[in-house]
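The values are calculated or read from the model by the stated rules, or taken from the named source; none is laboratory data. Computed from a prediction, not measured in an experiment: that's the story for all the values here. Please note: Cβ atoms are built from the backbone with ideal geometry, for glycine as well, and neighbour counts cover all protein chains shown.
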Amino acid sequence: MSRFFLSANLRRCIPSQIRMASDQLGEPGKGAGKGGGGGGSVKEAGGALGKRAVTEEERYFRQRQKENIEAMAKYHAEEIQHHKAEIMHQQQVMERHQGKIRKLQHED
């Protein structure tokens with residue numbers, strides 16, 4: 001059951017949209033129609049505030065990407081620990097069964 005919750009949390013961490021900057025015409029934050037437009041009145045006006053808004057937006061997306069990568073790394077580390085514990089448990093079960101087989105062979 002915990003694995004279901006982990007995968008649901010991981011799904012929430014994966015970004016649903018990927019920003020593509022290659023379709024922009026011009027420098028971001030220079031105003032509408034120049035690569036920074038359409039993102040609100042500050043960016044449409046251009047100038048220093050428009051550039052700052054673009055910078056803040058880029059910083060936000062980089063931070064989100066970093067958080068997503070950290071969450072994925074944590075999830076995979078937990079999965080590895082879970083599988084290591086399962087391997088140890090199965091090895092103990094195998095040893096117990098091998099002991100039973102040896103005991104049965106000595107009784108003969």
### Message
Taking the criterion of being at pLDDT 95 or above, of a type in the set (Asp, Glu), part of a helix (DSSP H, G or I) and under 28 Å from the mean Cα position of the chain (by Cα), would at least one residue in the stretch 95-102 satisfy it?
### Response
no
### Task
Being surrounded by 13 or more Cβ atoms within 10 Å (Cβ to Cβ), at pLDDT 95 or above and among the aliphatic types (A, V, I, L, M) is the filter here, so list the residues in the stretch 40-82 that pass it.
ALA71, MET72
